[in-house]
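Since the structure comes first, as structure tokens, the remarks are kept for the end.
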Amino acid sequence: MGDSESFVIVGAGMAGAKGAEALRDQGFDGRITLLGDEAHRPYERPPLSKEYLMGSAEFDAAYVHPETWYADNRVDLRLNTSARHIDRSLRQVEVADGTRLEFDKLMLATGAHPRSL
């Protein structure tokens with residue numbers, strides 16, 4: 001993948017953050033945009049570290065990456081930003097404020113909710 005390519009990741013949870021990390025680790029040098037509808041950067045959901053649950057660690061221990069990791073790795077982390085529409089034919093993601101982001105590759109990492117039977 002070249003440096004002119006763009007990769008949009010919808011979902012700024014553990015999977016989305018690790019997806020961005022894997023792209024950089026595997027040499028992807030293009031633009032990465034990570035969209036998350038929460039106000040917090042990606043964290044373990046729920047934060048299950050033993051230290052946090054026992055009260056001996058701060059919530060910061062639950063974050064997937066340190067705050068500076070995203071800028072250091074040229075990942076455009078957009079918090080409070082939910083995807084409203086994906087147009088596969090135009091290769092665009094429209095976010096809630098109407099902005100359209102173009103992509104060459106798209107990863108959906110939105111997670112799941114339990115289904116009631």
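The values are calculated or read from the model by the stated rules, or taken from the named source; none is laboratory data. The structure presented is a predicted model; accordingly, all values stated were derived computationally and were not measured. Every residue, glycine as well, gets a Cβ built from its backbone with ideal geometry; the counts of neighbours run over all protein chains shown. Only protein heavy atoms, including side chains, enter the accessible area calculation; ligands, DNA and RNA are left aside. Shrake-Rupley method; radii C 1.70, N 1.55, O 1.52, S 1.80 Å.
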Practice task
Would you mind telling me which numbered condition in (1) at pLDDT 80 or above; (2) farther than 26 Å from HIS113 by Cβ HIS65 fails?
Solution key: (2)
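Is it fair to say ALA39 is open to solvent by less than 90 Å² (accessible area, probe 1.4 Å) and modelled with pLDDT of 95 or more?
Values: open to solvent by less than 90 Å² (accessible area, probe 1.4 Å): yes; modelled with pLDDT of 95 or more: no.
Considered against the rule, which asks whether it is open to solvent by less than 90 Å² (accessible area, probe 1.4 Å) and modelled with pLDDT of 95 or more, ALA39 comes out as no.
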Handout entry: Selection count where residues are modelled with pLDDT of 95 or more and assigned to a loop (DSSP other than H, G, I, E, B), scope the stretch 12-28
Key = 3
Practice task
Just give me the residues in the stretch 72-117 being hydrophobic (A, V, I, L, M, F, W, C), open to solvent by 60 Å² or more (accessible area, probe 1.4 Å) and within 14 Å of SER6 (Cα to Cα), in sequence order.
Solution key: LEU90
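Which one is farthest from GLU38 (Cα to Cα), of the residues in the stretch 60-71 that are among the small types (Gly, Ala, Ser) and either surrounded by 15 or more Cβ atoms within 10 Å (Cβ to Cβ) or in contact with an Asp or Glu (Cβ under 7 Å, 6 or more places away or on another chain) (or both)? Don't jump to the end; show me each part of the working.
Kept after step one, since they are among the small types (Gly, Ala, Ser), are these residues of the stretch 60-71: 61-62, 71.
Next, only the ones that are either surrounded by 15 or more Cβ atoms within 10 Å (Cβ to Cβ) or in contact with an Asp or Glu (Cβ under 7 Å, 6 or more places away or on another chain) (or both) stay: 61-62.
Details: ALA61: 18, ALA62: 15 Å.
Residue satisfying both the conditions and the ranking: ALA61.
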